[in-house]
Each structure stands twice: as C-alpha cells, then as structure tokens.
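No value in this document is a laboratory result; all are computed from the given coordinates. Just so you know, these numbers come straight off a predicted model, no measurement behind them. Cβ placement follows ideal geometry from the backbone for every residue including glycine, while neighbour counts extend to all protein chains displayed.
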Amino acid sequence: MNNEPMTRRTELSGKLTDVLQARTLALSHPILQGMLTKGMSVLDVGCGTGAITRGIAEAVGPEGSVVGVDQNPLLIKQARQTHGKVAGLSFTEGDIYSLEEAMEGCSGFDIVTCSRLMVWLPDPLTALKAMVKAIKPGGKIVIADYNHEKIAWSPQPPASMLAFYSAYLNWREDAGLNNRIADDLPDLLQQAGLAQVKATPCHEEVRRDDPDYAQRSGLWADTASSRGPQMERDGFITRGENERAEREYRQWVHSEAESITMYMLTVVGIKP
Ligand SMILES: C[S@@+](CC[C@H](N)C(=O)[O-])C[C@H]1O[C@@H](n2cnc3c(N)ncnc32)[C@H](O)[C@@H]1O
C-alpha cells in the first residue's frame, strides 16, 4: 500500500467542491431526514461545505443543536461563511480519528451521522468507534455510503470513461480505501458494538428526464477533471487518457446517457 498521507488523496478541489455545495438533506441524505425531530442534537462528521448539515439544523430547529466537523480547514471556512448564521449550527475543524479532541469532550448526541465519508477512510472501524463514543446511550448512528463497484450506467459510457473509472478504483484501493464499503457497513457497525443494525437502499439515480439532469449528470466528468491530475501524479493514468475520458463522457451525457445509478446504502445502528 502507498504510504502517502491520506489527506492528499481525500483532498477535494475544483468542481467536486461545487458538487458538495449542491447537495441537500432531502436529496442526499434522505433516510436521515426522516429520522430528525425538533430539538435533537446531531453531529455530522465529514460535513464538507456544510450543505447537508444546514438541512439537518433546519430540521431540528433552533431548539436543537448541530455540529459539523471536517478535517479540511478550507471547507470548514466555506461552511461557516455560507451557513454560519443558521440558529443552533456550528462547524469545527477536526479529524474523525481524534473526534474526542476536536469536540473537546462534547458528547451525548442523539444522532451521529456521516455521508460519503467512510469510503474515504483507510480504517473505518476505528473511525466508527470514535463516532460511537460521541452518541448518548439509546442514540443512533446513521451512515450513508457507496459501493463503487455496483455503479450502473445505461447505456454503457465510452470505453475511455470505463478505463478511467477502473483506474480510479485501483488508485483508491492502492491507498487502502474500501470501494465496497456500503455493503461492509452492517458488519462494521456490529463490530463497533451497535445494536438493531439495519441497512436501507438509497441509491443515487440521475435520469435524463430529471429537472436537475444537467447539473447532476456530469459527476464523473467532474471527477476526471478534479481527481485526474492526482491520479496522473500517482501514475495511475496519463493526462491524455484522463482528458479523453472527461471529454467523451461529457459528450455521452449530452447525447446518449439515459441514467446513471450510484449504489448507496444508509446503515443505522443503536448504541445500547
Ligand atoms: C465526499 S465528502 C462528503 C461531504 C458531505 N458529507 C456530503 O455527503 O456531501 C467527504 C468529506 O470527508 C472529509 N474527510 C475525509 N477524511 C476525513 C477525516 N479523517 N476526518 C474528518 N473529515 C474527513 C473530507 O474533507 C470531505 O469534506
């Protein structure tokens, strides 16, 4: 395994930051939305630019309290600038592996959640155990994440994108990241001591007739544009291959694509 610090691979930049900003609680963490009630306290780890975290704060209302934590100081700065005035909402810079330190002893949350974070962690069980410590007894953990091996495109995208996607999964695996994490989460939650563990599908599908098709369909072209240079630097793809994948995929999205479905589960467990 490559020993490069993980932060270099997880670091978000360019168009992927825009993707985070466009997310909402209703569309991007829908199972959590259905579990929130006024007055709850919620910790959102790996909150990025805070778009989903803001939705959580609005759902629990000013009588609740919501904290967003992320290791990337630039994203925390952006989250504070954009959503810092929402009542009951605050953002803190911190690493999930040292959550207690970042939260300065603050614990006892009704819900501790994360979305699209576990897929970027080389040691998800240790991270889960840190999250469990922050939940009150009887409280819940709610985790939404992908199995990247189960993506479904209709029809098949260009060969250049399939080659990029395969290189992307190899690049991630080389850094110790689990491309199948969604399907491994139920076991991991049980190992972390949680009870009544339940997984619910919440696949992310974008279809040509969706009103937001133009905005959401370009994710993998944006990934080629943002992650491609990192993968090129790490020797997993050449610049020519990457640029071709982005160009041909944008063309495919424009003229041929019918649907893109990213396999995702929300897994919930209760702290005994
Ligand atoms: C793909 S983004 C997901 C953001 C948001 N939760 C969403 O669903 O849109 C993953 C986020 O996890 C953060 N992250 C990665 N490793 C982390 C760690 N060890 N501790 C805290 N945050 C981390 C990244 O900085 C990034 O903002």
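Residue order for PHE91, PHE164, fewest other beta carbons within 10 angstrom first, comes to PHE91, PHE164. Charged side chains reduced to their Cβ positions (Lys and Arg at +1, Asp and Glu at -1) give segment 92-138 a dipole of some 260 debye around its Cα centre.
In the structure shown, do any of LYS38/LYS136; LYS38/LYS85; LYS85/LYS150; LYS38/LYS150 have a Cα-Cα gap over 27 Å, and if so which?
Details: LYS38/LYS136 17 Å; LYS38/LYS85 18 Å; LYS85/LYS150 39 Å; LYS38/LYS150 36 Å.
Correct reply: LYS85/LYS150; LYS38/LYS150.
The modelled label-to-label distance for the pair SER255/ILE270, using points 7 Å beyond Cα in the direction of Cβ, is 5.5 nm. Applying both filters, DSSP loop and at most 14 other Cβ atoms within 10 Å, to the trypsin sites (Lys or Arg not before Pro) of segment 181-236 gives ARG208. Extent along the principal axes, Cα only, for the chain: 51, 42, 36 Å, with the longest axis given first. Listed from fewest to most Cβ neighbours within 10 Å, the set CYS114, CYS202, CYS47 follows the order CYS202, CYS114, CYS47. Applying a DSSP loop filter and a limit of 11 other Cβ atoms within 10 Å to the GluC sites (Glu not before Pro) in segment 75-171 leaves GLU104.
In this label model, LYS136 and TYR213 are separated by 4.7 nm, measuring between points 7 Å along each Cα→Cβ vector. Among LEU128, LEU169, LEU74, a tally of other beta-carbon atoms within 10 Å of each Cβ gives an order, fewest to most, of LEU74, LEU169, LEU128.
How big is the dipole moment of the chain about its Cα centre under a simple scheme where the beta carbon of each Lys and Arg is +1, that of each Asp and Glu is -1, and everything else is neutral? Debye, nearest 20, please.
Numbers: 28 positive and 35 negative charges, 94 e Å.
Dipole of the chain, to the nearest 20 debye: 440 debye.
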